There are 2 protein chains.
Amino acid sequence: MKLYDFKGAPNPRRVRMYMAEKGISMPTQEIDLMAREQHEDAFRAVNPWCTVPVLELDDGTHICEAMTIIRYLEAIQPEPPLLGTTPVEQATISMWEHKLEVDAMLAVGEVLRNSIHRFAGRALPGPVDHEQIPALAERGRKRIAYFMELLEERLGESEHVGGADFSVADITALVAVDFAARVVEGLLDSHPNVQRWHESVSARPSAQA
Amino acid sequence: MKLYDFKGAPNPRRVRMYMAEKGISMPTQEIDLMAREQHEDAFRAVNPWCTVPVLELDDGTHICEAMTIIRYLEAIQPEPPLLGTTPVEQATISMWEHKLEVDAMLAVGEVLRNSIHRFAGRALPGPVDHEQIPALAERGRKRIAYFMELLEERLGESEHVGGADFSVADITALVAVDFAARVVEGLLDSHPNVQRWHESVSARPSAQA
């Protein structure tokens with residue numbers, strides 16, 4: 001297997017952190033998103049959606065999208081479980097993971113891609129160009145404030161995001177919070193529960209992957 | 001178990017169609033989104049995220065979010081499999097399902113919620129109010145055109161969206177296409193593969209659920 005990766009982007013980090021927690025290692029190929037390498041023919045042949053991460057299987061099959069790759073790896077190597085073990089645990093982790101992807105990852109992406117010059121004309125990932133919408137960057141900031149409140153409340157009642165144990169919901173949350181910190185100063189201020197959790201999860205070796 | 005439902009909304013339809021395919025039935029409770037019942041205290045106690053569908057287990061646990069509910073039901077009743085059987089089948093279905101959720105369901109939602117009067121001040125689901133952004137409705141139309149192209153190409157090489165067999169990827173795709181048809185006239189014109197597939201999938205009794 002091989003992972004198409006990019007160190008500076010949040011979605012590949014979700015997969016790298018997951019792999020480090022599982023003790024899975026494989027060759028990686030860096031796709032330089034800053035140089036728009038994802039739009040070159042060579043990479044379009046791997047993933048016409050022009051996104052990383054992509055997992056390449058030994059038979060040449062390509063699996064796109066962070067959580068899909070994670071679920072695939074969990075299916076072929078279940079231990080240690082990071083998606084829960086019972087159906088209810090799995091559902092709790094899955095609903096939080098999904099919530100954070102939509103309300104946090106996408107919201108931070110909205111802020112970044114609709115405000116900084118580097119993303120002019122590239123306000124969404126993928127092969128189609130989209131102009132920036134400044135009002136969407138503003139809305140994204142409001143959405144970040146909401147997900148931080150949500151996370152603060154959740155981490156006041158639960159040790160980890162998906163329940164008592166560390167799971168993939170913590171991975172998505174950590175990546176989202178670190179991503180949000182790029183666009184919001186003092187993000188963790190007045191969020192003591194998130195701060196406690198962030199220190200603990202950031203101290204895991206996998207957080208450096 | 002009980003399902004909190006709303007007949008007029010696309011996400012609960014994904015779960016109802018899935019349940020019909022699996023032969024699962026349970027009591028449902030209609031939450032009238034037109035009357036903003038999802039924002040009332042009684043429903044906030046069920047789901048503070050103010051969205052349907054929600055699955056209520058017999059012990060009172062609430063599971064939110066369409067795909068999470070579907071994955072839960074698949075875990076407790078695997079037959080007939082609608083999420084694939086081998087890890088590679090599961091991954092192919094999952095990546096298409098996810099793609100259609102983000103590029104299709106969310107895009108159509110952007111058009112509807114940012115253009116029609118009924119959603120003024122309510123441009124995103126959930127407890128926080130957001131003003132409409134007309135440019136986002138326009139962008140959503142462009143995104144719909146892209147996912148229709150994507151689907152047309154996919155259904156030219158594959159009988160169903162997730163592979164040879166009918167799967168949950170077809171459910172999300174059908175719900176997304178029918179949802180998109182509310183905002184784009186002649187959506188299926190010049191998409192013969194989507195048309196062929198749409199006729200076949202719409203003829204399944206579950207499409208009426």
Subset of the range A:52-64 [touching a residue at least 40 places away in the same chain (Cβ under 8 Å), facing chain B (nearest Cβ under 10 Å) and not in a strand (DSSP E or B)]: A:Leu57
Members of the range B:65-88 found to be within 17 Å of the chain's Cα centre (by Cα) and either in a strand (DSSP E or B) or of a type in the set (D, E, K, R) (or both), listed by number: B:Glu65, B:Arg71, B:Glu74
Among (1) within 13 Å of another protein chain (Cβ to nearest Cβ); (2) without any contact (Cβ under 8 Å) to a residue 40 or more places away in the chain; (3) not acidic (Asp, Glu) - the single one B:Gln195 does not satisfy: (1)
Selection within the range B:132-141 - more than 8 Å from chain A (Cβ to nearest Cβ) and either touching a residue at least 60 places away in the same chain (Cβ under 8 Å) or not in a helix (DSSP H, G or I) (or both): B:Gln132
Residue in the range B:150-161 that is of a type in the set (Asp, Glu), in the same structural domain as B:His191 (by TED's automatic domain parsing) and buried (at least 19 other Cβ atoms within 10 Å of the Cβ) present: no
The range A:168-183, residues that are touching a residue at least 60 places away in the same chain (Cβ under 8 Å) and either among the small types (Gly, Ala, Ser) or out of contact with any Asp or Glu (no Cβ under 7 Å at 6 or more places or on another chain) (or both): A:Ala169, A:Ile171, A:Ala173, A:Leu174, A:Val175, A:Ala176, A:Val177, A:Asp178, A:Phe179, A:Ala180, A:Arg182, A:Val183
B:Asp165, sole failed condition from (1) free of Cβ contacts under 8 Å to residues at least 40 places away in the same chain; (2) touching a Phe, Trp or Tyr at 6+ places or on another chain (Cβ under 9 Å): (2)
Conditions (1) farther than 29 Å from A:Ser167 by Cβ; (2) within 14 Å of chain B (Cβ to nearest Cβ); (3) not small (Gly, Ala, Ser); number of the one not met by A:Glu40: (2)
Candidate set from the range A:185-208 (those that are out of contact with any helix residue (DSSP H, G or I) (no Cβ under 6 Å at 6 or more places or on another chain) and aliphatic (A, V, I, L, M)); member that is surrounded by the fewest Cβ atoms within 10 Å (Cβ to Cβ): A:Ala203
Matching entry among B:Ala20, B:Ala9 (being within 16 Å of the chain's Cα centre (by Cα) and surrounded by fewer than 18 Cβ atoms within 10 Å (Cβ to Cβ)): B:Ala20
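The values are calculated or read from the model by the stated rules, or taken from the named source; none is laboratory data. Everything quoted here is computed from the prediction, not taken from an experiment. Cβ: placed from backbone, ideal geometry, glycine included. Neighbour counts: every protein chain shown.
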